[in-house]
Amino acid sequence: MNEKLNQDLELLIKLQEIDLELDRYQEECIFIPAEIEKQKEEIGAIKQRFEEKKKNIKEMQAKYKVLELDIASKDEAIKKQKTDLNVVKTNEQYKALQSQISKIEQEKGQIEEEILKAMDEIDTFNKNVKDEENKIKIEEGIVNDKIKILEEKKKEFENKFTGLEQERKTIADTVSPSNLKKYEHIRSKGKDGLAITSIENENCGSCHIKLTAQIINEVAKNQALIICDNCSRILYIPKPI
């Protein structure tokens, strides 16, 4: 048995465990900033909707004042038309003035409906504005707490990542350069981070293909790194527990 190769296999198994952990922490460190940004966008959207509502109410209040002036103008026009009724000389003129008065009153009624609708929306908003502001503050507090937890988790993962990188370097420096190169080449092919796998019941532990007796014997001889013909991962026979 090649003791150095046996040592390399054990180190590569450990190295793979570390690399898988590093992959996981790296993914988390990428995911967390995106999640923090998502949380900020959500509270930002809530605030924006509230500010837009406030803006709409201000516009409605301005419109309300204009509508009141329109009502006053319509009242003045109706008053003038009714005064004119007293001086008309023909039925046709009288009917025409009555028609104009009816039309103005109808327009006035439509404006009054708009005013009532605007007043209702303004009153409803003013009654609920404090509640809405409090809800936003509570929601913002919840989001900030989530962000704080995420930032602490990111810092924790970064610290663990740094520690694992140092451990990885120590192990990698101990493995034979040629075997390390082969391991890293296989990992770089994107096989779910797995470059080395055990033989399980005469099958490859990763792709589960049935291995030939010759392949299993070569792995057992422990004279060189043996690769699975199907998934190209390094094979090893696990030690009995």
Inset, instruction - Please specify each residue of the range 80-125 satisfying the condition of being surrounded by 11 or more Cβ atoms within 10 Å (Cβ to Cβ) and under 36 Å from the mean Cα position of the chain (by Cα). - result: E121, I122, T124, F125
Inset, instruction - Taking the options Y25, Y94, name whichever one is farther than 30 Å from E152 by Cβ and among the hydroxyl-bearing types (S, T, Y). - result: Y94
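Does V66 qualify as being touching a helix residue (DSSP H, G or I) at 6+ places or on another chain (Cβ under 9 Å), modelled with pLDDT under 90 and β-branched (V, I, T)?
Details: touching a helix residue (DSSP H, G or I) at 6+ places or on another chain (Cβ under 9 Å): no; modelled with pLDDT under 90: yes; β-branched (V, I, T): yes.
Against the criterion (touching a helix residue (DSSP H, G or I) at 6+ places or on another chain (Cβ under 9 Å), modelled with pLDDT under 90 and β-branched (V, I, T)), V66 does not qualify.
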Inset, instruction - Name the residue, out of I237, I226, I215, that is more than 39 Å from the chain's Cα centre (by Cα), surrounded by 13 or more Cβ atoms within 10 Å (Cβ to Cβ) and without any contact (Cβ under 8 Å) to a residue 12 or more places away in the chain. - result: I226
Legend entry - Residue list for the range 1-44, filter: closer than 17 Å to A195 by Cβ, touching a residue at least 12 places away in the same chain (Cβ under 8 Å) and basic (K, R): K14
Inset, instruction - Go through the residues of the range 162-179 one by one and say whether even a single one is buried (at least 16 other Cβ atoms within 10 Å of the Cβ), outside any loop (DSSP other than H, G, I, E, B) and in contact with a strand residue (DSSP E or B) (Cβ under 9 Å, 6 or more places away or on another chain). - result: yes
Inset, instruction - Can you confirm whether the range 117-130 contains a residue that is under 19 Å from K54 (Cα atoms), without any contact (Cβ under 8 Å) to a residue 40 or more places away in the chain and acidic (D, E)? - result: yes
Legend entry - Condition broken by I171, with the remaining ones in (1) modelled with pLDDT of 95 or more; (2) under 35 Å from the mean Cα position of the chain (by Cα); (3) among the hydrophobic types (A, V, I, L, M, F, W, C) satisfied: (2)
Inset, instruction - Collect the residues in the range 184-241 that are within 19 Å of E17 (Cβ to Cβ), out of contact with any strand residue (DSSP E or B) (no Cβ under 9 Å at 6 or more places or on another chain) and among the hydroxyl-bearing types (S, T, Y), keeping them in residue-number order. - result: S188
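Within the range 157-168, is even one residue aliphatic (A, V, I, L, M), over 23 Å from E42 (Cβ atoms) and touching a residue at least 12 places away in the same chain (Cβ under 8 Å)? Walk me through it before giving the result.
Start the filter on the range 157-168 by keeping residues that are aliphatic (A, V, I, L, M), which leaves 164.
When the remaining residues are screened for being over 23 Å from E42 (Cβ atoms), the result is 164.
Right, trim to touching a residue at least 12 places away in the same chain (Cβ under 8 Å) and you get 164.
Looking for residues that are aliphatic (A, V, I, L, M), over 23 Å from E42 (Cβ atoms) and touching a residue at least 12 places away in the same chain (Cβ under 8 Å), one finds at least one in the range 157-168, hence yes.
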Legend entry - Flag for K79 being in contact (Cβ under 8 Å) with a residue 24 or more places away in the chain, in a helix (DSSP H, G or I) and basic (K, R): no
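The values are calculated or read from the model by the stated rules, or taken from the named source; none is laboratory data. On a predicted model such as this, the values are computed, not experimentally measured, just so you know. Note that each Cβ is placed from the backbone with ideal geometry, even for glycine, and that neighbours are counted across all protein chains shown.
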